[in-house]
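To keep things clear, I will list the structure first and then write my remarks on it.
The values are calculated or read from the model by the stated rules, or taken from the named source; none is laboratory data. No experiment lies behind these values; they were computed from the predicted model shown. Using ideal geometry, Cβ is built from the backbone for each residue, glycine included, and neighbour counts are taken over all protein chains shown. In case anyone asks, the SASA skips ligands and DNA or RNA and just uses the protein heavy atoms, side chains included. Shrake-Rupley method; radii C 1.70, N 1.55, O 1.52, S 1.80 Å.
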Amino acid sequence: MRIATWNVNSSRARAERIGDWLDRSDVDVLAMQETKARDDQFPESVFTDRGYEVAHHGLSQWNGVAIASRVGLEDVRIGFPGQPGFGDPEEREARAIAATCGGVQVWSLYVPNGREVDHPHYAYKLRWLEALREGGAARLAEDPEAQIAYVGDFNIAPQDDDVWDMAAFEGLTHVTEPERAAFAKLVDAGFAEVVREYTPGPGVYTYWDYKGLAFPKRKGMRIDFVLASPALRARVTGASIDREERKGKGASDHAPVIVALDGADSQPVDRPQSKK
């Protein structure tokens, strides 16, 4: 079985590209973030026409998460226990959805951006990550053999190699010590980051800004991850980042990240990365 995560940056604007990518990549499960659609606007037929079941959670033209699966889609959950909201009055945003797919509980997560270090959104981001950690730790304490995948856009670059130039990020979010500590606490709670060992850096990223020719200049960030519980980590046989999907007209600013588990009928997507 192969699981992918992809911040599609608008499911409606990129519906055709998403469908074409599914045809080429042949993944079993695709977790999506930043769908930017209400549930009634989500292009469900892109998935059902290809034999995928799909669950989507979207409240407005912002945020939005979804999971598409051709190996079953059961026990769909919207949000996680203790997930905080944002705003005044505080509202829980469409940033987390889970479903059991082929025996694996897959969480599609769109972690808050944080905006600026002194912005209320930054404190919200840290609260959000701590609530996620608490829920994950409690679940593993209850069932150490649970197969859980936390996948998505974490909006954190955990290591210096995960950004093109640390000096360019001085004083900015995504690389601060509290954010990195929050990510490390998720790992310490039992959720291993399983992609890096198959896609070592430096210079390996999952996101490139649209501005300033960031993609051709290779000015990127690694902020999209797959975190696996111990039982699931033992099944991982490979991983890749489909950098080629960032190219061309109408591309998302993120690339899909793919993980292969034992028992899969095919190997993980490993399309060559161009130097351009």
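Proximity of backbone amide H atoms, modeled 1.01 Å from N, is registered between residue 109 and 151, 152, 153 at under 5 Å, excluding neighbours fewer than 5 places apart on the same chain.
How high is the relative contact order of the chain, given as a whole-number percent (alpha carbon pairs under 8 Å, six or more residues apart)? Dividing the mean separation by the residue count of the chain yields 18 percent. Report, in whole Å, the centroid distance computed from the Cα atoms of region 213-245 and region 62-100. So the separation of the two Cα centres works out to 21 Å.
Under a 1.4 angstrom probe, counting protein chains only, how are 211, 125, 36, 249 ranked by accessible area, largest first? All intermediate terms of the calculation are to be shown ahead of the outcome.
Working: 211 145, 125 0, 36 50, 249 195 Å².
In descending accessible area the options line up as 249, 211, 36, 125.
Along region 13-20 the Karplus relation, 6.51 cos²θ - 1.76 cosθ + 1.60 evaluated at θ = phi - 60°, assigns HN-Hα couplings of 5, 10, 4, 5, 5, 4, x, 4 Hz to successive residues, with x for each Gly and Pro. Among the chymotrypsin sites (Phe, Trp or Tyr not before Pro) within region 177-261, those in coil by DSSP and having at most 14 neighbouring Cβ atoms inside 10 Å are 210. Label residue 62 and residue 161 with points 7 Å out from Cα along Cα→Cβ: what is the distance between them in nm? Each label point lies 7 Å from its Cα, and together they span 3.5 nm. For region 124-141, the Karplus equation 6.51 cos²θ - 1.76 cosθ + 1.60, evaluated at θ = phi - 60°, returns couplings of 4, 4, 5, 5, 4, 5, 5, 5, 5, 4, 4, x, x, 5, 5, 5, 6, 5 Hz by residue, with Gly and Pro reported as x.
The portion of the accessible surface of the chain made up by carbon and sulfur, rounded to a whole percent, is 48 (1.4 Å probe; DNA, RNA and ligands excluded). For region 1-77, the set of GluC sites (Glu not before Pro) satisfying both a DSSP loop assignment and a count of at most 13 other C-beta atoms within 10 Å is empty. Once the Cβ-Cβ distance of residue 78 and residue 45 is raised to the sixth power relative to R0 = 22 Å, the FRET efficiency obtained is 0.50.
Could you state the accessible area per residue of region 22-91 in Å², with a 1.4 Å probe and every protein chain left in place?
Details: 3400 Å² over 70 residues.
I get 49 Å² per residue for region 22-91.
Taking a ≥ b ≥ c as the square roots of the Cα gyration tensor eigenvalues, with a/c under 1.5 meaning rounded and otherwise prolate when a/b beats b/c, else oblate, which class fits the chain? Verdict is rounded for the chain.
For the set 1, 32, 166, the ranking by accessible area, highest first and with no ligand, DNA or RNA atoms included, is 166, 1, 32 under a 1.4 Å probe. Farthest toward the positive end of the dipole of region 117-260, out of 122, 237, 205, is the Cα of 205, where the dipole comes from beta carbon charges about the Cα centre.
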